[in-house]
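The values are calculated or read from the model by the stated rules, or taken from the named source; none is laboratory data. Computed from a predicted model, the values in this text were never measured in an experiment. All Cβ positions, even for glycine, are placed from backbone atoms using ideal geometry, and neighbour counts span all protein chains on display. Remember, those area values only see protein heavy atoms, side chains included, never the ligands or the DNA or RNA. Shrake-Rupley method; radii C 1.70, N 1.55, O 1.52, S 1.80 Å.
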Amino acid sequence: MSESPKTIRFFSGENIPLEMHKVRIVQKLFLPPIEERLTAVRRAGFNTFLLNTREVYLDMLTDSGTNAMSDMQLGAMMQADDAYAGSQSFERMQKAIEDVFGKRLILPVHQGRAAENILAQSFVKPGNVIPMNYHFTTTLAHIQVNGGKVVELVHDNALQIKSDNPFKGNMDIAKLRAALAKEGKNVPFIRMEASTNLIGGQPFSLANLRDVAKVAREHKIPLVLDASLIGENAYFIKLREKEFRNTSVADILSEMCEQADIVYFSSRKVSSSRGGAICTNRTDLFDHMKALVPLYEGFLTYGGMSVREIEAMAVGLHETTDESVIGQSPSFIAYLVERLEKLGVPVVTPAGGLGCHVDAMGFLPHVPQTEYPAGALAAAFYLISGVRGMERGTVSSIRDENGNDVLADVELLRLAFPRRVFTLSQVKYVEDRLHWLYTKRHLVGGLRFVEEPPVLRFFMGRMEATSDWPEKLVKAFRADFGDSL
Ligand SMILES: *Cc1c(COP(=O)(O)O)cnc(C)c1O
């Protein structure tokens with residue numbers, strides 16, 4: 001029997017991703033009028049992180065901790081074993097990790113960045129260099145805090161917005177060899193990130209991961225896999241990599257993890273729950289890290305998580321082997337990306353995991369990068385739609401020693417698709433409002449910082465518009481939509 005991803009065909013010939021779940025618990029949503037949204041976005045300093053959900057219609061900020069949970073997960077949370085040490089809940093989680101990722105030694109942590117803190121404190125020394133396909137914001141911050149540097153080794157074409165490269169998250173092996181030849185002794189580990197978050201949720205191929213692992217073994221350098229978004233990457237391997245078309249998702253996941261010496265993840269993403277973990281089969285690496293867990297997180301059998309989260313994580317991990325769970329968000333993203341492309345709205349292709357990524361420099365070519373086009377687009381889109389996306393561009397970057405912005409490689413508005421949360425009519429609303437904004441793009445101007453934290457500034461920083469463009473946009477909206485919300 002062929003196990004390649006299944007689509008259900010429509011008589012009409014239309015390509016519609018069909019939900020393989022039904023809604024049993026709902027949350028009421030609000031869509032405040034655009035005038036209230038203008039007040040809200042100003043109050044939030046044009047930073048979508050600082051909006052409240054009462055002010056937001058569709059919350060597409062992130063998939064972190066926002067994936068819909070299954071009835072099985074909620075059921076499991078009711079039979080959690082409250083114990084400081086030796087909880088049965090921890091044993092169930094341990095078994096789930098061993099079943100799905102094939103690793104026996106587990107360090108539980110409260111979320112993904114806590115794993116990164118422990119990894120960086122354990123292995124990164126001042127002057128070290130960490131080669132990776134591409135960084136994630138919190139990964140980079142923890143490596144830098146410990147005096148290390150990151151080198152990014154994706155292929156040059158990975159940052160092209162429009163592409164038909166199915167695996168933009170691949171590491172360039174020639175670049176890896178060159179980096180190791182230059183910095184070999186200074187490299188504590190090599191890191192691969194599944195569904196490479198900051199370049200548009202782009203996957204790597206299993207063939208590439210095998211090649212990276214081979215080079216790592218030759219140099220006796222541990223390979224670390226950030227598996228926060230591994231489910232969607234495994235789905236793309238099945239969909240796009242010929243060799244694995246008939247391989248089960250479970251087998252793809254375990255083959256991926258087998259390549260790595262250490263696997264870590266945010267459970268807020270991968271298992272539609274909370275928490276996270278670091279896991280390995282190497283006792284030496286495990287022993288080197290484990291003392292930091294009781295220091296920063298909690299005892300070794302809960303790591304800062306509640307037992308209920310641990311139970312939800314165990315069930316959620318098993319559910320990541322279900323193609324209809326991990327394929328739901330990529331299939332909705334592919335639908336929206338295809339529609340937007342037809343309308344001429346610039347988006348990252350091929351469609352990836354995690355979200356639909358709108359190219360802000362293509363959308364707002366008149367806004368210079370120093371005025372944060374992706375931040376401006378995120379604010380403008382919230383203003384005209386009530387949909388909250390996230391800036392993934394220079395606002396999410398840092399400043400250099402001289403205080404100048406380090407301009408991001410790409411300026412993206414990310415519209416996240418948490419798993420099984422939105423309906424197709426909501427996706428059509430997003431398409432409609434983005435299309436409208438594209439026709440009014442000349443009205444959107446830039447932003448400047450008024451309050452700028454020194455670390456991870458995108459979370460708490462506040463900005464203002466460089467002109468009265470938000471008011472102009474409100475006027476144009478009213479002219480076209482009348483009294484519509
Ligand atoms: C979200 C994320 C993290 C950090 O996880 P948190 O649980 O948010 O701390 C690390 N790596 C990747 C790839 C992520 O997407």
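Which value, in debye to the nearest 20, describes the size of the charge dipole of the chain about its Cα centre when Lys and Arg Cβ atoms bear +1, Asp and Glu Cβ atoms bear -1, and nothing else is charged?
Values: 55 positive and 58 negative charges, 42 e Å.
For this selection, approximately 200 debye.
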Per residue value of the accessible surface for the chain (all protein chains in place, 1.4 Å probe), Å²: 41 Å²
Computed FRET value (nearest 0.05) for Leu424 with Lys149, which takes r as the C-beta separation and R₀ as 56 Å: 0.80
Interchain or long-range residues, amide H under 5 Å from Arg419's placed H: Asn67, Ala68
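Rounded to the nearest 0.05, what FRET efficiency do Leu343 and Phe49 have when you use their Cβ-Cβ distance and R0 = 41 Å? Intermediate values should be presented prior to the final figure.
Values: r = 28 Å, r/R0 = 0.69.
Between Leu343 and Phe49 the formula returns 0.90.
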Angle between the chain longest axis and helix 173-183 axis [Cα atoms, degrees, rounded to 10]: 70 degrees
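Which value, in nm² and rounded to one decimal, describes the direction-averaged projected area of the C-alpha convex hull of the range 2-104?
Working: hull surface 51.4 nm².
If I average the Cα hull's projected area over directions, I get 12.9 nm².
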Cross-link reach list, lysines versus Lys220, counting only Cα pairs under 28 Å and skipping chain neighbours closer than eight places: Lys103, Lys125, Lys149, Lys168, Lys175, Lys182, Lys185, Lys290
Placed amide H near Phe265: partners under 5 Å, 5+ positions off or other chain: Ala227, Ala277
Whole-percent carbon and sulfur share, accessible surface of the chain, 1.4 Å: 53 percent
3J(HN,Hα) from dihedral phi, the range 161-167, Karplus parametrisation 6.51/-1.76/1.60, rounded to Hz, x for glycine, proline: 5, 9, 7, 10, 6, x, 10
Largest-first ordering by accessible area, 1.4 Å probe, given options Leu253, Leu31: Leu31, Leu253
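Just to verify a number: FRET efficiency for Glu183 and Asp483, C-beta to C-beta distance, R0 = 51 Å, to 0.05?
Working: r = 61 Å, r/R0 = 1.21.
Efficiency, rounded to the nearest 0.05: 0.25.
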Rounded to 10°, Cα long-axis angle of helix 88-101 versus longest principal axis of the chain: 80 degrees
Where labels lie 7 Å past Cα in the beta-carbon direction, separation of Arg441 and Glu464 in nm: 2.8 nm
Karplus-derived HN-Hα couplings along the range 416-423 (A = 6.51, B = -1.76, C = 1.60, θ = phi - 60°), whole Hz, x at Gly and Pro: 6, 10, x, 4, 6, 9, 9, 9
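With +1 on the Cβ of every Lys and Arg and -1 on the Cβ of every Asp and Glu, and nothing else charged, how large is the dipole of the range 20-134 about its Cα centre, in debye rounded to the nearest 20? Before the final figure, lay out the partial values.
On the way: 13 positive and 12 negative charges, 40 e Å.
Charge dipole of the range 20-134: 200 debye, to the nearest 20.
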Mean separation of Cα contacts under 8 Å (6+ apart) over length of the chain, as relative contact order %: 22 percent
Tail beyond 30 Å, pair distance distribution of the chain (Cα, percent): 46 percent
Built amide H within the under 5 Å cut-off of Ala408, gap 5+: Thr394
